[in-house]
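Asker: The following block contains the structure, expressed as C-alpha cells.
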Protein chains: 2
Amino acid sequence: MTDAGPTSTGVETSRVLSIDAMGGDNGPATVVAGLARFLKKKPGTPVILHGRSSELAPLLARHGLTDAVTLRDAADVVTMHDKPSHVVRHGKTTSMWSAIEAVRDNEAGVVVSCGNTGALMAMSMLRLRKLEGVNRPAIACLWPSRNRQGFNVMLDAGADIRADQDDLLIHALMGASYARTAFDLAQPRVGLLNVGTEEHKGRAELKVAHELIGTSADKGGFVYVGFVEGGDLPGDACDVIVTDGFTGNVALKTGEGIANLIADLLRDALRRTPLSMIGALLASGALRALKKRIDPRRVNGGVFLGLTRTVIKSHGSADETGVAAAIMLAHRLVDQGFSDKLAARLATALPHDADRTPPLTDGAQP
Amino acid sequence: MTDAGPTSTGVETSRVLSIDAMGGDNGPATVVAGLARFLKKKPGTPVILHGRSSELAPLLARHGLTDAVTLRDAADVVTMHDKPSHVVRHGKTTSMWSAIEAVRDNEAGVVVSCGNTGALMAMSMLRLRKLEGVNRPAIACLWPSRNRQGFNVMLDAGADIRADQDDLLIHALMGASYARTAFDLAQPRVGLLNVGTEEHKGRAELKVAHELIGTSADKGGFVYVGFVEGGDLPGDACDVIVTDGFTGNVALKTGEGIANLIADLLRDALRRTPLSMIGALLASGALRALKKRIDPRRVNGGVFLGLTRTVIKSHGSADETGVAAAIMLAHRLVDQGFSDKLAARLATALPHDADRTPPLTDGAQP
C-alpha cells in the first residue's frame, strides 16, 4: 500500500477511479465490499480510495486488496446532515473533497461517492467547474424499462430542485449524449416529462422547453418524441426522459418504493400456503431472473452531467451490490471517454448566448 | 325507463349517484359494464346515467338494467382533446355537464366521470363552487401501501399543476378528512412530499407549508409527521401525502407504470420454462391475491376535494373493473355523508383570512 498516485505506475490517469469510501449510510465496510466485488469482475482497474486510513486499511486487508488499491488518507467525513454551503467552506479535510481533488489534479478520471448529494454537487461544481453553456448540472439515473436496452435515462434525478427552459434543453442534450454512450444508441429518443401529452398541458417553462428541444434535436443527434408522462419512465416511448430535479427525485423514489413493496408482497404471498411454497421453489429460477432485472440496486449509480469531469453519486443507503454497480458504471464511462464526448456535443449543439431565449416572466406566456 | 329524477320514487337524493357514461377512452359500453358490476354488489342503489340515449338504452338492456337505472339524455360528449376553457363556455349539452347539473340541482349527491380531467374540474368548479376557504380544489387518489388499511391517500393527483403554501395546508386538512372517512382513522398521519426529510431541503413554499401544517394539526384532527419522500407514497410513514398536482400526477403515473412493468415481467418470467410454468400454476392462488392487492384499477377512483359536492374522476382509460371501483367509492362517500363532514372540518380548522400568510415573493425566504 502506498500514498503515491497511480501515475507513478504508468497507468493512463483518465482511467483511474477515485472513490470516496466514507459518508454513506452503511459506512466504509460496505463501500470496500462493493469495491471488492467490482474488482473481482474487473481486476487490475486502478483505484484511489479516500477516507480514514485507520479504518480502511484493515477493511482492504480483509478483502485482500491492500496491494490493488491506492489508499489516500482523509481525516474527516461529510455527513448526510451537513449543509452543502458549510461543507464547501470547511470541508477541505474530508474524504469527499479528497476524492474530487484527485480528479481535479488529473490523477483520476471519475469520482464515485455514496455521500451527501448536495455537498457532493456543491463541491464538484466548485472544484471541477461546469461545462461551457451549462447553468445547472443534472443527475442522470437509469430506470428499468420496456426498451430493448432494458433501461431508460432520466435527468435531473435531484441535483437541483429548479430547471428553467434552457436548463431542460441542456438536460435533453446531455441525456441524449449519455444514452448514446451507455446504450450505444445512434439516435436516442428524448421525451419531456409532463402531466399529459397534449401540447396545451403543463407549466409555462415546459411549453417553451418543448419548442427548444424540438428545434435542437438535429444538432443534438437525438429524436424528440414530445411530452411524455410518468408511466413512460419505465416504458418504451423514449430512451431519455427530461425533467426538473424535484419531480425527478420524487419519481425515482416513488418507483423504487413501489418496486420494493411489490417484491415484499410477492415474497409474503408465496410463503402463505404449502402449495404456493412448492410453486415458488419450482419457479425460483424465473423469480431470481426477474428480481435481477428490476433490482433498484443494479441501476443505483447516478451520474452528474454538466461538469468538466464525470462524478457518480451512489445512493446513501446503497448496499454492497449498489456500490459495485456504481463503480462498474464509473468504469464503463471512463472506458468510453464519455466526458470529452459530452463536452464536444454541447459545444456543437447549444445555441450561442445571443440566441438564448430571454428569462420567462410570469404571465408572459402566450 | 323514465326521464324523471329519482326524487319521484322517494329516494334520499344525497345518496343518488350521477354518472357520466361518455367521454372515457373505452366508450359507454365499458362504463355501463362497470356500473352493472357495481349494481351486482349494491343492488337497488339509485343511479342517474347521462349520455346519448340511443347508445345507452341498448347497453342497459343488454345488462338487464333498463329499470334499475334512470337515463338522462345528453346529445354531446366532452372529448379528451377539448380545452377546459372551451367546454365551460360551450359544453351545456354534454353528458358531463348533465351529470354535474343533477348534483347541483340536488337530484343526486355525487358525480362520477371517466372524462377529460381538466374539463370535469373546470365545470365542477363553475357549477358546484368551491368550499369556503378553498382556493384550488385537489384530486385525492389512493396508493397501495404498507399501512394496516392497505392504502394511502395522496393529493393533489393532478387537479392543478400549482400549489402554494396555503393550498398545501388545505390539501392536508382535506386529505386528513378523507382518510378519516375512507379508512375510519381517528387521527390520520399526514406527510408533506419533498426531496428529502431534512428541514432545509426543498422549495421555499414547502418550508412555509411545513410550518403551517405543523401548527394546524391539532385543529385539523391529524398527526403531522413532517417531510416525506417518494418512497413513502406506498410506505407506512403516514396515511396522507400532500403535494402539488404536477408532482402528484407524475408520481401516480410513475407508480402505475412500474407496477404494470413488474406484472408483465413476472408473467413473462413464469412462462419461460416448463418448471416455472408448473410453479406458477401451484402458486396461482397466491399470485392472484397479490395481483388483486396492487391492481391499479382497484384504486382507480380519484376524488375532487374542496367543492360543495363530491366529484369522482375515474381514469380515462379505466376498464370495467376500474369503473366499478370508482362507482363503489362514490357510493361509500355518500353513504358516510363525507361532503358535509369535510365542509365542517375546514370551517373549524382553517385560519381566518386575516391570519393567512402573505403571498411568498422570490427571495423573501429566510
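Asker: Kindly evaluate A:Ile213 against the criterion of being in a loop (DSSP other than H, G, I, E, B), in the same structural domain as A:Leu142 (by TED's automatic domain parsing) and either buried (at least 24 other Cβ atoms within 10 Å of the Cβ) or β-branched (Val, Ile, Thr) (or both).
Answerer: Spelling it out, it is not the case that A:Ile213 is in a loop (DSSP other than H, G, I, E, B), in the same structural domain as A:Leu142 (by TED's automatic domain parsing) and either buried (at least 24 other Cβ atoms within 10 Å of the Cβ) or β-branched (Val, Ile, Thr) (or both).
Asker: Could you please let me know if A:Leu252 is modelled with pLDDT under 95 and in contact with a Cys (Cβ under 7 Å, 6 or more places away or on another chain)?
Answerer: So A:Leu252 fits the description; yes.
Asker: Right, next: Take segment A:122-137 and flag every residue that is more than 13 Å from A:Ser339 (Cβ to Cβ), touching a Lys or Arg at 6+ places or on another chain (Cβ under 8 Å) and in contact (Cβ under 8 Å) with a residue 60 or more places away in the chain.
Answerer: Passing the criteria: only A:Arg136.
Asker: Continuing with this model, one more query. Within segment A:160-179, how many residues are at pLDDT 90 or above and under 24 Å from B:Gly257 (Cβ atoms)?
Answerer: The qualifying residues number 9.
Asker: Anything in segment B:147-179 that is surrounded by 24 or more Cβ atoms within 10 Å (Cβ to Cβ) and not aliphatic (A, V, I, L, M)? List them, or say none.
Answerer: Matches in segment B:147-179: B:Asn152, B:Asp156, B:Gly158, B:His171, B:Gly175, B:Ser177, B:Tyr178.
Asker: Next question. Looking at (1) facing another protein chain (nearest Cβ under 8 Å); (2) within 28 Å of B:Gln149 (Cβ to Cβ), can you tell me which one B:Ala280 breaks?
Answerer: Among (1) facing another protein chain (nearest Cβ under 8 Å); (2) within 28 Å of B:Gln149 (Cβ to Cβ), B:Ala280 violates only (2).
Asker: Of all the strands (runs of 3 or more DSSP E) wholly in segment A:44-160, which have at least 2 residues that are within 14 Å of chain B (Cβ to nearest Cβ)?
Answerer: Per the criteria, A:138-144, A:151-155.
Asker: Being aliphatic (A, V, I, L, M), farther than 14 Å from B:Val134 by Cα and more than 10 Å from chain A (Cβ to nearest Cβ) is the filter here; which residues of segment B:161-203 pass it?
Answerer: B:Ala176, B:Ala179, B:Ala182, B:Leu185, B:Ala186, B:Val190, B:Leu192
Asker: Only one of these conditions is not met by A:Glu107: (1) under 15 Å from the mean Cα position of the chain (by Cα); (2) over 29 Å from A:Phe183 (Cβ atoms); (3) not aliphatic (A, V, I, L, M). Which number is it?
Answerer: Condition (1) is where A:Glu107 drops out.
Asker: Also, I was wondering about something else. Could you check segment A:226-273 and list, in sequence order, the residues that are touching a helix residue (DSSP H, G or I) at 6+ places or on another chain (Cβ under 9 Å), more than 8 Å from chain B (Cβ to nearest Cβ), farther than 19 Å from B:Thr243 by Cα and touching a residue at least 12 places away in the same chain (Cβ under 8 Å)?
Answerer: Result: A:Gly226, A:Phe227, A:Ala237, A:Cys238, A:Asp239, A:Val240, A:Ile241, A:Val242, A:Ala263.
Asker: Further, regarding this structure: Determine, yes or no, whether A:Ala326 is touching a residue at least 24 places away in the same chain (Cβ under 8 Å), facing another protein chain (nearest Cβ under 8 Å) and touching a strand residue (DSSP E or B) at 6+ places or on another chain (Cβ under 9 Å).
Answerer: Judged against the criteria, A:Ala326 is not a match.
Asker: Here's a follow-up. Identify the single condition in (1) at pLDDT below 85; (2) of a type outside the set (Phe, Trp, Tyr); (3) closer than 21 Å to B:Asn116 by Cβ that B:Ser284 does not satisfy, given that it satisfies every other one.
Answerer: B:Ser284 satisfies every listed condition except (3).
Asker: Looking at B:Thr94, B:Thr79, B:Thr70 in this structure, which one is of a type outside the set (Asp, Glu) and over 19 Å from B:Leu17 (Cα atoms)?
Answerer: The conditions single out B:Thr79.
Asker: Quick check on B:Leu35: is it buried (at least 19 other Cβ atoms within 10 Å of the Cβ) and over 21 Å from B:Phe304 (Cβ atoms)?
Answerer: No, not satisfied.
Asker: Would you be able to tell me the number of residues in segment B:216-225 that are crowded, with 19+ Cβ neighbours inside 10 Å and either touching a residue at least 60 places away in the same chain (Cβ under 8 Å) or polar (S, T, N, Q) (or both)?
Answerer: Here the count works out to 2.
Asker: While we're on this one: Which of the residues belonging to segment A:301-349 are charged (D, E, K, R), more than 19 Å from A:Arg180 (Cα to Cα) and surrounded by 21 or more Cβ atoms within 10 Å (Cβ to Cβ)?
Answerer: If the condition is that a residue be charged (D, E, K, R), more than 19 Å from A:Arg180 (Cα to Cα) and surrounded by 21 or more Cβ atoms within 10 Å (Cβ to Cβ), then A:Lys313 is the only one that fits.
Asker: Conditions: (1) touching a Pro at 6+ places or on another chain (Cβ under 8 Å); (2) modelled with pLDDT of 90 or more. B:Trp97 meets all but one. Number of the miss?
Answerer: Here B:Trp97 meets the rest and fails (1).
Asker: So A:Ala217 passes all but one of these: (1) more than 10 Å from chain B (Cβ to nearest Cβ); (2) in contact with a Lys or Arg (Cβ under 6 Å, 6 or more places away or on another chain). Which condition number does it fail?
Answerer: Going through (1) more than 10 Å from chain B (Cβ to nearest Cβ); (2) in contact with a Lys or Arg (Cβ under 6 Å, 6 or more places away or on another chain) one by one, A:Ala217 breaks only (2).
Asker: Does segment A:182-210 hold any residues that are surrounded by 17 or more Cβ atoms within 10 Å (Cβ to Cβ) and either among the β-branched types (Val, Ile, Thr) or farther than 28 Å from B:Gly202 by Cα (or both), and which are they?
Answerer: Within segment A:182-210, A:Ala182, A:Phe183, A:Leu185, A:Pro188, A:Arg189, A:Val190, A:Val195, A:Val208 qualify.
The values are calculated or read from the model by the stated rules, or taken from the named source; none is laboratory data. All of these numbers come straight from a predicted model, not from anything done at the bench. We place every Cβ from the backbone using ideal geometry, glycine too, and count neighbours over all the protein chains shown.
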